[in-house]
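Asks: What follows is a single structure, and I will ask about it in a moment.
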Amino acid sequence: MVGKVKQMALLGIFLLTAASLAWPEVILSDLQKRMDEAQEGEKIPVIILMKEAPDRASWEKSWQGLDRKERQRAFASAMMNFSRQTQQEILGILDSEQSQGRAERIRSLFLLNAVSGRLSVSTIKLLSQRSDIKAIVLSKPIVKNPELPGVKNPGVVEGGQESPSKGIAWGVQKIGAPTVWAGGNHGEDVIIDVIDTGVDYNHTDLSSRVWINQAEQNGTTGVDDDGNGYVDDIRGWDFADNDNNPMDCGSTDPWAIMSGATPPHGTHVAGTVAGTGAGGQQVGVAPGAKIMIGKVFPDTGNGGTLEDLLAAMDYGVANGADIVTMSLGFSITDNGDTSQMLKGIMRTECDMIRDAGVILTVAAGNGDPQSGGHFAKPYDIACPGDVPAPWYPKTYLHNGDSTGGVITVGATDSNDVIGSFSSRGPTQWYFTLTDTSYTNHFVKWQDYRYNPPSQQGLLKPDVCAPGVKILSCKKGGGYWDAIISGVANWDGTSMATPHVAGLVALMLKVNPNLTPAQVDSILEATALELGIAGKDTVYGSGRVRAPQAVAAAQALGVANQPSDLPTLSGLKIVCQSSNPGFGGFDLRYDLPVSGRTQLLIFNIIGQEVAKPVDEYQAAGRHSVKWDGIDADGRRVASGVYLAVLKQGQKATSLKLINIR
Ligand SMILES: [Ca+2]
Ligand SMILES: [Ca+2]
Ligand SMILES: [Ca+2]
Ligand SMILES: [Ca+2]
């Protein structure tokens, strides 16, 4: 978690030992070291990566014309089938090893085409002889960070609103969610997977919002009715304790939390996503959305593991989540082999989530929670918040496949000033593996090197949202206000991220087919610009704005109609450059007759901002470039614009999304 609460451990780097040379093909050196040190009978948590990869291009061909949710189902089932086939023999071996007490907690991770489990040394050695395995990786613990969800002004909902009077939490107000609700959109039935400490699904504000797996709800106890690998997973799953009860494991005792107990972080996060206000405070952005619960921190408070996190991410995609939100991450503060490998695994997983069409929002991190300051560049953004975004302006791409799956969120206060803790970019993707046990197996991303001044790494975060003094739901009922000095309103990019997840639900409600890249482009294009000009390493593209983003989502639904089809008016306009565009659009239009022709640009509230064409023009094809400059010669703000082509009473239009 990044709610100033927990971080995964820093990663140790181990030297290759002589013993590891016995299985250099498959067993990575840090796992070998762990095996060498293992006690008799000890089971080691590992992730087994399969060698075979599917022919994704051929799948895509057969999926043409599917809408986003249909495509997600097709993607998940194709990947699950592929994984099942390629893993069949290994799962058989592991089943037998499990029955003999040498393996446990075996799970197929279909997005990575991997298998996780806790295996004895002899089982690992047995598997390492196989040619269908690419690598066996030591899984990593998520350790608890005893830092508090701090607050400086307990008992007061920021924005001057006294608590516990009824009201709308300042962050929900600030991003303009109530304006969207006024139009009847509360994000109804959009499913948001909250991967965290679990959620208090009995809370007055959340109980009606929890996603229910109908097949299990109406099925037989003790039977995996929907065959998804999890028995009686009615509300989601507890991946850390491997049971069907994802109740938030956090302590409700503020004193215990202050002494280092796990706080009920997931209930707080879920409240910001979809809290209904039933208990008196409206803390949720999308009170019509459904919360799927992925619990990845164990009841013992000892921290979760990487493979539990991966399994939870898979579950969301497989079970129909539209959005996965993760207010968690682990700090990676070096470019060592283990760190790079871990980053690589997370980037691959996040890329797959993007390819499934699922939107993934992730906290930027809270700097260095030990010192209260920040890690040096480019290591301040936590992983997987350091994974590239699904969309960048064309001008920003570096090499090849430079996009990724993660919309990374920083935290701002009620004055739109960045939280002092909010992690700063840039981050880096520049693999320089040295250990051959790694170099043999891992893709080396070289697309965002940090080597200033010429190479500036990867710009992160992508957007920011309210994350300072955030009021939300308290496990057991009520809110974290006026409970006790010190743990009232919480600070953290953990609190900012669910504001964005909730906003994405509002966007998907009006346009369910938005791709992750479209969602990201709209969030960034419509954000309130903050800090230094343009997208920057503190605020990203700025603080999200719900009314503008939802309007743009709706507009893009219209713009997505095939734009080069003739309209009824006979006029036709297309954009030949990229749209969303980076401050300029090459427009081409066809006139059926000669006459006075106007090409006007309007902003989203209907004001005319520019008039690139107003003259007599002959019938036929014309081109004009609108360079994103308004009538007064100023560069227009990022956002959605409408290009209207008029001739007499005839008109046609085209939506343009401008990014500065
Ligand atoms: Ca099930
Ligand atoms: Ca059942
Ligand atoms: Ca449980
Ligand atoms: Ca800026």
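The values are calculated or read from the model by the stated rules, or taken from the named source; none is laboratory data. Just so it is clear, the structure is predicted and the values come from calculations on it, not from any experiment. Cβ placement follows ideal geometry from the backbone for every residue including glycine, while neighbour counts extend to all protein chains displayed.
Asks: State the number of residues belonging to the range 234-253 that are within 16 Å of ligand 1 (Cβ to nearest atom) and in contact (Cβ under 8 Å) with a residue 40 or more places away in the chain.
Replies: Of the residues in the range 234-253, 7 are within 16 Å of ligand 1 (Cβ to nearest atom) and in contact (Cβ under 8 Å) with a residue 40 or more places away in the chain.
Asks: I'd like to verify a number: residues in the range 342-379 that are in a helix (DSSP H, G or I), surrounded by 24 or more Cβ atoms within 10 Å (Cβ to Cβ) and out of contact with any strand residue (DSSP E or B) (no Cβ under 9 Å at 6 or more places or on another chain), how many?
Replies: So the count comes out to 0.
Residues checked against (1) in the same structural domain as A270 (by TED's automatic domain parsing); (2) out of contact with any Leu (no Cβ under 7 Å at 6 or more places or on another chain); (3) modelled with pLDDT of 90 or more:
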site	(1), (2), (3)
S414	yes, yes, yes
P426	yes, no, yes
S437	yes, no, no
W445	yes, yes, no
Y448	yes, no, yes
S472	yes, yes, yes
A488	yes, yes, no
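Asks: Which of (1) among the β-branched types (V, I, T); (2) at pLDDT below 95; (3) over 19 Å from the mean Cα position of the chain (by Cα) is the odd one out, the single condition V231 does not satisfy?
Replies: Only one criterion in (1) among the β-branched types (V, I, T); (2) at pLDDT below 95; (3) over 19 Å from the mean Cα position of the chain (by Cα) is unmet by V231, namely (2).
Asks: Tell me the residue from I212, I195, I257, I234 that is in contact with a Leu (Cβ under 8 Å, 6 or more places away or on another chain), more than 24 Å from P45 (Cα to Cα) and either assigned by TED's automatic domain parsing to the domain that holds M507 or within 16 Å of ligand 4 (Cβ to nearest atom) (or both), please.
Replies: Answer to the check: I257.
Asks: Any chance you could count how many residues in the range 40-71 are in a loop (DSSP other than H, G, I, E, B), of a type outside the set (K, R) and loosely packed, with under 15 Cβ neighbours inside 10 Å?
Replies: 10
Asks: Do you know which residues across the range 166-202 are over 20 Å from the mean Cα position of the chain (by Cα), surrounded by 18 or more Cβ atoms within 10 Å (Cβ to Cβ) and within 16 Å of ligand 3 (Cβ to nearest atom)?
Replies: D200, Y201 - these are the residues of the range 166-202 that are over 20 Å from the mean Cα position of the chain (by Cα), surrounded by 18 or more Cβ atoms within 10 Å (Cβ to Cβ) and within 16 Å of ligand 3 (Cβ to nearest atom).
Asks: Among all residue pairs at least 6 apart or on different chains, which show Cβ distances below 6 Å where the first residue, located in the range 638-660, is not assigned by TED's automatic domain parsing to the domain that holds K535 and the second is outside any strand (DSSP E or B) and charged (D, E, K, R)?
Replies: Taking only residues 6 or more apart or on different chains, the pairs are S638/R660.
Asks: Inside the range 622-660, can you point out the residues that are out of contact with any Lys or Arg (no Cβ under 7 Å at 6 or more places or on another chain) and among the basic types (K, R)?
Replies: Scanning the range 622-660 gives K625, R634, K646, K650, K655.
Asks: Among T333, T403, T325, which is the only one that is in a loop (DSSP other than H, G, I, E, B), in the same structural domain as V519 (by TED's automatic domain parsing) and within 20 Å of the chain's Cα centre (by Cα)? Spell out how you get there, then give the answer.
Replies: Details: T333 fails: within 20 Å of the chain's Cα centre (by Cα); T325 fails: in a loop (DSSP other than H, G, I, E, B).
Selected residue: T403, the only one of T333, T403, T325 that is in a loop (DSSP other than H, G, I, E, B), in the same structural domain as V519 (by TED's automatic domain parsing) and within 20 Å of the chain's Cα centre (by Cα).
Asks: Next up: Can you tell me which condition G372 does not meet? The list is (1) within 19 Å of the chain's Cα centre (by Cα); (2) more than 21 Å from A312 (Cα to Cα), and all the others hold.
Replies: Against the list (1) within 19 Å of the chain's Cα centre (by Cα); (2) more than 21 Å from A312 (Cα to Cα), G372 comes up short only on (1).
Asks: Identify the single condition in (1) at pLDDT 95 or above; (2) of a type outside the set (S, T, N, Q); (3) within 16 Å of ligand 3 (Cβ to nearest atom) that A215 does not satisfy, given that it satisfies every other one.
Replies: Going through the list (1) at pLDDT 95 or above; (2) of a type outside the set (S, T, N, Q); (3) within 16 Å of ligand 3 (Cβ to nearest atom), A215 breaks only (3).
Asks: When you scan the range 242-259, do you find a residue that is surrounded by fewer than 24 Cβ atoms within 10 Å (Cβ to Cβ) and within 12 Å of ligand 2 (Cβ to nearest atom), even just one?
Replies: Scanning the range 242-259 turns up at least one residue that is surrounded by fewer than 24 Cβ atoms within 10 Å (Cβ to Cβ) and within 12 Å of ligand 2 (Cβ to nearest atom).
Asks: Picking from G266, G320, which residue would you name as being under 24 Å from L112 (Cα atoms) and among the small types (G, A, S)?
Replies: One residue alone meets the criteria, G320.
Asks: Within the range 319-341, work out how many residues are buried (at least 22 other Cβ atoms within 10 Å of the Cβ) and within 26 Å of S77 (Cα to Cα).
Replies: Residues that pass the stated criteria total 6.
Asks: Continuing with the same structure: Of the residues G606, G581, which single one is surrounded by fewer than 16 Cβ atoms within 10 Å (Cβ to Cβ) and within 19 Å of A549 (Cβ to Cβ)?
Replies: Going through G606, G581 in turn, just one is surrounded by fewer than 16 Cβ atoms within 10 Å (Cβ to Cβ) and within 19 Å of A549 (Cβ to Cβ): G606.
Asks: Okay, moving on. Report whether or not G365 is out of contact with any Lys or Arg (no Cβ under 8 Å at 6 or more places or on another chain) and modelled with pLDDT of 90 or more.
Replies: Yes: the conditions hold for G365.
Asks: Exactly one of these conditions fails for D241: (1) away from ligand 3 (no atom under 11 Å from the Cβ); (2) among the acidic types (D, E); (3) more than 22 Å from I323 (Cα to Cα); (4) touching a strand residue (DSSP E or B) at 6+ places or on another chain (Cβ under 9 Å). Give me its number.
Replies: The number of the failed condition is (1).
Asks: Given the criterion touching a helix residue (DSSP H, G or I) at 6+ places or on another chain (Cβ under 6 Å), more than 16 Å from ligand 3 (Cβ to nearest atom) and not aromatic (F, W, Y), identify the matching residue among T272, T276.
Replies: Every option except T272 fails the conditions.
Residue-wise test of (1) part of a loop (DSSP other than H, G, I, E, B); (2) within 22 Å of G320 (Cβ to Cβ).
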site	(1), (2)
T221	yes, no
N228	yes, yes
W237	no, yes
W255	no, no
G260	yes, no
G266	no, yes
V269	no, yes
G288	yes, yes
G294	no, yes
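Asks: Kindly evaluate G101 against the criterion of being more than 24 Å from the chain's Cα centre (by Cα), modelled with pLDDT of 95 or more and surrounded by fewer than 19 Cβ atoms within 10 Å (Cβ to Cβ).
Replies: Judged against the criteria, G101 is a match.
Every residue, every condition in (1) touching a residue at least 40 places away in the same chain (Cβ under 8 Å); (2) over 26 Å from L342 (Cα atoms), yes or no:
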residue	(1), (2)
A78	no, no
F82	no, no
Q98	no, yes
I124	yes, no
L127	yes, no
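Asks: Also: The conditions are (1) more than 23 Å from T493 (Cα to Cα); (2) modelled with pLDDT of 95 or more; (3) hydrophobic (A, V, I, L, M, F, W, C), and A182 fails exactly one of them. Which is it?
Replies: Here A182 clears every test but (2).
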